[in-house]
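Colleague: Take this structure, written in structure tokens, and hold onto it; I'll ask about it next.
The values are calculated or read from the model by the stated rules, or taken from the named source; none is laboratory data. This one's a predicted model, so the numbers in the text were calculated from it and none came from an experiment. For neighbour counting, all protein chains shown are included, and Cβ atoms are generated from backbone atoms with ideal geometry for every residue, glycine included.
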Amino acid sequence: MSPVSFPKPPTPLNLRTCLLGMGFLMLSLQPASQAAVPVVTNGDIPADGLVKVQLEELWRIGGEEDEENLLGVIDQVLADDDGNVYLLDIQLVETQVFDSDGEYVRSLGNQGDGPGELRNVRDLLFLPDGTVGLVQGFPGRIVKIDFEGLPAGEMKPGGNDPSAGGFFALRSAASSGGRLVLGGAKITRGDNSRTATNFIAAFDQDGIEGVRYLESVNVRDFGRMEFSEKGDFFPGQGGWALADDGRLYVAPARNEYRIEVHAPDGSLERTIVRKYESWERTPAEADRAREMMMPFRRRNRNAIKLVMEPTERDILDIRLDPRGQLWVLPSRGIREQDEGIHSTWDVFDSSGAFVRRMAIACEGDGQKDALFFPGGGLAVLVREHADAVYALRGRGSDNSESEEEDTEVRPLEVICYRILH
């Protein structure tokens, strides 16, 4: 196997730097009290309009007819320089590796408490030390596996210092340019409460925190259980992206089309915004969101107050391409798409200017089927993803009998594409 480089999103078609007229871009400064951080303000129309991205199918696995490959819930995808594709299965708690022809190679990790094993998994990444990292949610740690599938140690945020206090939970992770960044929370408990300090921060290989890019503090009173979509929001997987140079791009607010760009030292360099109309939820969307808000299938669901929003989250996903351009998937980018279009992304150049929309042409529905860009010029579609995650994490009912029933979903199908330029 050739050396592995950190995976990157696909390079957009025909990208070029362009100068925008005043109708599309305005640069302004915040008041001096806010350190005069530049704000790049865009309209809702990109300078170069819409570009369609065509995909060529390479292989597919899973689905109704595949009896050889067992898939649980695929929730992250990476690719190495040899074209091998790594599918993180959060239900089976393992990563399945397939070669460039779609043939099964091996599995990395397993469910358990031994070396190279973990109890739950939230994310997948290639680490700076040349291993594959499986991110356990709670207690937060990264289990390292080499490319032959052998255990290679672990990393715990905070190191192994028992005097640090509290517990870590991890939600997301990324590694690029030799830097490791984790998103999660440090949790401490009081007599009848718990405090979660949410963070996105850089860590070294010993688990010692360096630069902290973003944080928020959430205190929950166990005597008055309340979950708020807006108030409890903190960006997790898909809500931030790490550049090779150590800059971090993050969508910090649920109900705003706003991306903050943080320098490698953690300071805020600039903010990118654009005019955007939030998507009003349908009754079905509101019902599903309410179910997904429940942290567990609780029998005392009526005792928990849920504060729901009338709109979907404005920014669903962000990523960077090798040319330093920012791709943003808005809530409208997976809805009311033209026939044959899975999703439409907004693309901003390195200065923060809204230059084009990129429509990804492939089978599938953006609301049901997840599209991943693992690097190496590939795109991977996971069909039935939304229903599978809903069944695994969220679905419940006030009826105790129905809470115990399994939710029937169609088998996942994974389709690997080459991005045509």
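Colleague: So in region 186-200, with the set limited to residues that are of a type in the set (A, V, I, L, M) and without any contact (Cβ under 8 Å) to a residue 40 or more places away in the chain, which one is farthest from W240 (Cα to Cα)?
Modeller: I187
Colleague: From (1) under 26 Å from I259 (Cβ atoms); (2) charged (D, E, K, R); (3) in a loop (DSSP other than H, G, I, E, B), pick out the condition that doesn't hold for R356.
Modeller: (3)
Colleague: Name the residues in region 163-194 that are within 22 Å of G239 (Cα to Cα) and not aliphatic (A, V, I, L, M), would you?
Modeller: Answer for region 163-194, where residues must be within 22 Å of G239 (Cα to Cα) and not aliphatic (A, V, I, L, M): F168, R171, S172, S175, S176, G177, G178, R179, G183, G184, K186.
Colleague: Kindly indicate the residue of region 245-262 that is over 14 Å from the mean Cα position of the chain (by Cα) and of a type in the set (G, A, S) and also surrounded by the fewest Cβ atoms within 10 Å (Cβ to Cβ) among those meeting that condition.
Modeller: So, considering only residues that are over 14 Å from the mean Cα position of the chain (by Cα) and of a type in the set (G, A, S), the one surrounded by the fewest Cβ atoms within 10 Å (Cβ to Cβ) is A253.
Here is a yes/no grid of residues against (1) free of Cβ contacts under 8 Å to residues at least 12 places away in the same chain; (2) among the acidic types (D, E); (3) touching a helix residue (DSSP H, G or I) at 6+ places or on another chain (Cβ under 6 Å):
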position: E260; (1), (2), (3): no, yes, no
position: A263; (1), (2), (3): no, no, no
position: W279; (1), (2), (3): no, no, yes
position: P322; (1), (2), (3): no, no, no
position: P330; (1), (2), (3): no, no, no
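Colleague: Moving on. Considering only region 339-365, how many residues are under 20 Å from the mean Cα position of the chain (by Cα), without any contact (Cβ under 8 Å) to a residue 40 or more places away in the chain and surrounded by fewer than 20 Cβ atoms within 10 Å (Cβ to Cβ)?
Modeller: The total comes to 1.
Colleague: While we're looking at this one, here's another question. What's the number of the only condition in (1) surrounded by 15 or more Cβ atoms within 10 Å (Cβ to Cβ); (2) assigned to a loop (DSSP other than H, G, I, E, B) that D113 fails to meet?
Modeller: All conditions pass for D113, except number (1).
Colleague: Just one of (1) modelled with pLDDT of 95 or more; (2) assigned to a loop (DSSP other than H, G, I, E, B); (3) under 20 Å from D81 (Cα atoms) trips up F147, so point out which.
Modeller: (1)
Colleague: In region 218-275, which residues are of a type in the set (S, T, N, Q), modelled with pLDDT under 95 and in a loop (DSSP other than H, G, I, E, B)?
Modeller: Passing the criteria: only Q237.
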